[in-house]
1. Residue by residue through segment 81-86, what is 3J(HN,Hα) from phi via Karplus (6.51 cos²θ - 1.76 cosθ + 1.60, θ = phi - 60°)? Round to whole Hz and write x for glycine and proline.
2. In the neighborhood of LEU124, defined by Cβ-to-Cβ distances under 13 Å, what is the net charge if each Lys or Arg adds +1 and each Asp or Glu adds -1?
3. Rounded to a whole number, what % of the accessible area of segment 15-126 do carbon and sulfur atoms account for, probe 1.4 Å?
4. For the chain, what is the accessible area per residue in Å² when the probe is 1.4 Å?
5. Using 0.36 nm per residue, how much length does the chain from ALA4 to THR46 gain when fully extended, once their Cα-Cα distance is taken away?
6. Could you please report the charge total around TYR82, scoring K, R as +1 and D, E as -1 over all other residues with beta-carbon less than 9 angstrom from its beta-carbon?
7. Remind me, relative contact order of segment 22-127 in percent, using alpha carbon pairs under 8 angstrom and six or more residues apart?
Amino acid sequence: ALAASYRQKLLAELLADNVKVAGVDATYVYDPTHNFLNDVAGIVITSSNLTGKTGTDGYFDANTIDFGSPAVGSNIRGYWLYRDTGVAATSDLVMFWNEDATGEDVNVNTTGQPYTVELQALGLFRL
């Protein structure tokens with residue numbers, strides 16, 4: 001097991017950087033060789049910079065993810081957490097997860113209202 005202090009060191013860069021989440025539709029097929037945001041097809045929504053980022057005991061957490069108001073009828077299949085450099089070709093992909101455990105699309109906006117994602121109590125991931 002990793003020591004808690006080392007987990008903190010590993011997360012330090014991510015905590016200091018601009019970090020966002022991109023929502024992808026069914027046209028995107030997960031590939032573990034994807035490394036940068038420009039490798040990802042089917043992006044339909046992108047969050048603002050995550051706020052309230054923490055790395056306590058190696059758990060990466062943040063406040064509720066805010067996507068603004070996606071287009072009515074937007075369907076999301078999954079999400080990529082990424083380190084935003086302002087250039088897709090150098091914006092590192094960090095973590096992918098499915099929107100729904102069944103792998104089905106979720107219609108995130110039928111009314112034109114803001115869309116947010118609440119993270120689990122322990123955060124998004126743990127090193």
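The values are calculated or read from the model by the stated rules, or taken from the named source; none is laboratory data. The structure presented is a predicted model; accordingly, all values stated were derived computationally and were not measured. Cβ sites come from the backbone with ideal geometry, for glycine too, and all protein chains shown count toward neighbours. Just the protein is used for accessible areas: all its heavy atoms, side chains included, with ligands, DNA and RNA removed. Shrake-Rupley method; radii C 1.70, N 1.55, O 1.52, S 1.80 Å.
1. Those phi angles translate into 7, 8, 8, 8, 9, x Hz.
2. Details: positive: LYS20, LYS53, ARG126; negative: ASP61, GLU118.
My count for the surroundings of LEU124 gives +1.
3. Working: 2740 of 5720 Å².
Ligands and nucleic acids excluded, carbon and sulfur give 48 percent.
4. Details: 6830 Å² over 127 residues.
Accessible area per residue, the chain: 54 Å².
5. Numbers: separation 42, 0.36 × 42 = 15.12 nm, distance 3.11 nm.
Working it through step by step, the gained length comes to 12.0 nm.
6. Values: positive: LYS20, ARG83; negative: ASP84, ASP92.
Taking every other residue near TYR82 into account, the sum is 0.
7. Numbers: 217 pairs, mean separation 34.7, N = 106.
Answer for segment 22-127 is 33 percent.
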